[in-house]
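Trainee: Mind having a look at this structure? Questions to follow.
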Amino acid sequence: MTMSVDNTRATNVQNGTAVKSRKRLVLRAKIVDNGEPGLPITVVGRDAWCLRELVRAGSRGITSLENPAPRIAHYVWKLRKLGFAIESVPEVHGGQFPGSHSRYRLHSEVLLSEQEAA
């Protein structure tokens, strides 16, 4: 697995002031189906972060409790729209603020590679 960070910083103008944008993670992914890699999919920003974390976690999966992120369920939803098979398993947790959360597991076989910044 390789990944890149977009080091080109586009300059945006807000209220007459030049503001540099943040570096964004860019991944190029291929979903493997029946042993054949599919067409490349470019995943950017926090969606790319979430995909990287899902690949790293393997069958253990990820949760927002163990891997805090502002909108992990939304990133998973967007990745599903791109064609990634991601399972949601509800889990109950105790502690000071008991409740439930989901554990997300990537079931697609994915090849990740570096993508040049656009």
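Trainee: Please report, in debye to the nearest 20, how large the charge dipole of segment 32-95 is about its Cα centre when each Lys and Arg carries +1 at its beta carbon and each Asp and Glu carries -1 there.
Mentor: My answer is approximately 240 debye.
Trainee: How far apart, in nm, are two points set 7 Å out from the Cα along the Cα-to-Cβ line at Arg60 and at Trp77?
Mentor: Here the modelled spin labels are 2.8 nm apart.
Trainee: Based on the Cβ-Cβ distance of Leu111 and Asn67, what FRET efficiency does E = 1/(1 + (r/R0)^6) give at R0 = 22 Å, to the nearest 0.05?
Mentor: With a Förster radius of 22 Å, E is 0.50.
Trainee: Quick check: residue separation of Val92 and Glu36 times 0.36 nm, minus the Cα distance between them. What number comes out in nm?
Mentor: 16.4 nm
Trainee: So, taking all protein chains as they sit and a 1.4 Å probe, how much accessible area belongs to His93, in Å² rounded to tens?
Mentor: Around 40 Å² of this residue is reachable by solvent.
Trainee: Kirkwood-based Rg over Rh for segment 28-96 (C-alpha set), two decimals?
Mentor: On the way: Rg = 13.3 Å, Rh = 13.2 Å.
Rg/Rh for segment 28-96 comes to 1.00.
The values are calculated or read from the model by the stated rules, or taken from the named source; none is laboratory data. Values in this document were obtained by computation on a predicted structure and should not be read as measured data. FYI the Cβ positions are ideal-geometry reconstructions off the backbone, even for glycines, and counts take in every protein chain you see. Calculation scope for accessible area: heavy atoms of the full protein, side chains included, ligands and nucleic acids excluded. Shrake-Rupley method; radii C 1.70, N 1.55, O 1.52, S 1.80 Å.
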